[in-house]
Structure formats: structure tokens, C-alpha cells
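Participant: Take a look at this one; I'll ask things after.
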């Protein structure tokens, strides 16, 4: 019996340690970066970056992005919107990331130029296995 797409997706999402975030400037210049993240129960991904990085400058003007999480046999693609976090939401994201990655991450999370975001997916597609032709299933 094969696992449901949602089960495979959730395992990949919650056990994954990094993902690739793709952003673009308003004039279409792309940028992709590997980032660490923590996910909530509604599939929101929380991440931290720095104000001088390209992804931050892109997200300031264009909050849309795409994320890919992969392991050896499966991957998930997500399109969605990002929101910069402030106040209590920023602190929640900081605590989630610290819980996932440990104290060695604290120097990054507490940097004066650290900025926190939440990525909310509106489209999720799972590549279930490494067969050919590929088997895709929509999760959301």
C-alpha cells in the first residue's frame, strides 16, 4: 500500500532541514537560495534572512515566491506569498527556528540585521517517487 500524497508531503516538510527559496525582483531578475526553515501545522514555513541579502530586497517589493523541498526520491514544489514578521510573530518564528536548529543558530537569529518571514503556500505539488514518467499529486 502506498502512502497518501499528504502523508508523504508532511513527512518531507516536517523532517526536512533545508529548502530552496526562489524569488524575483519586480523586473524579473531571479534569485534562489537554500534556507533553513521551521513549519507550522498549517504548512506555513518560517525563515530568517538578512536585510542586505538579495532575497530580502526581492521580497520587500515582490512577496511572491516558490519553495522546493527534496530528498532522494521525492520532492515538493510550493508557490505562495511571504509576509515579513514583526513583534510577537517574529519572536514565535525565532523560537521555532531555535527549537529546530539549536543554540548554534542563535547568533544568526539575534543579529541586528536579521529579518523573519512566513511563507504561506497556495499551491503544493508532490513528486511522489523517482519513476519515469514522474508521478505528481496535488496536495493543495
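Participant: For segment 37-52, indicate whether the set of residues that are farther than 27 Å from residue 134 by Cβ, assigned to a helix (DSSP H, G or I) and free of Cβ contacts under 8 Å to residues at least 24 places away in the same chain is non-empty.
Facilitator: Within segment 37-52, none of the residues are farther than 27 Å from residue 134 by Cβ, assigned to a helix (DSSP H, G or I) and free of Cβ contacts under 8 Å to residues at least 24 places away in the same chain.
Participant: Of all residues in segment 87-119, which are within 23 Å of residue 24 (Cα to Cα) and out of contact with any helix residue (DSSP H, G or I) (no Cβ under 8 Å at 6 or more places or on another chain)? It would help to see each step written out before you state the result.
Facilitator: The initial filter retains those residues of segment 87-119 that are within 23 Å of residue 24 (Cα to Cα), namely 113-119.
Matches in segment 87-119: 113, 119.
Participant: Shifting gears a bit: Filter segment 129-140 down to residues that are in a loop (DSSP other than H, G, I, E, B) and touching a helix residue (DSSP H, G or I) at 6+ places or on another chain (Cβ under 6 Å), then give me how many there are. Explain how you work it out, then say what you get.
Facilitator: Step one: list which residues in segment 129-140 are in a loop (DSSP other than H, G, I, E, B), which gives 129-135, 139-140.
Still in the running and touching a helix residue (DSSP H, G or I) at 6+ places or on another chain (Cβ under 6 Å): 139.
Residues meeting the conditions: 1.
Participant: If you don't mind, another one. Tally time: how many residues in segment 11-33 are surrounded by 13 or more Cβ atoms within 10 Å (Cβ to Cβ) and either within 15 Å of residue 82 (Cβ to Cβ) or touching a helix residue (DSSP H, G or I) at 6+ places or on another chain (Cβ under 8 Å) (or both)?
Facilitator: Result for segment 11-33: 10.
Participant: Still on this model: Between a residue in segment 88-102 that is under 9 Å from residue 46 (Cβ atoms) and any residue that is surrounded by fewer than 19 Cβ atoms within 10 Å (Cβ to Cβ) and at pLDDT below 95, which pairs come within a Cβ distance under 7 Å, given they are 6 or more apart or on different chains?
Facilitator: 94/109; 97/105; 97/109
The values are calculated or read from the model by the stated rules, or taken from the named source; none is laboratory data. Predicted model only: the values in this text are computed from it and were never measured. Virtual Cβ from ideal backbone geometry, glycine too; neighbours counted across all protein chains shown.
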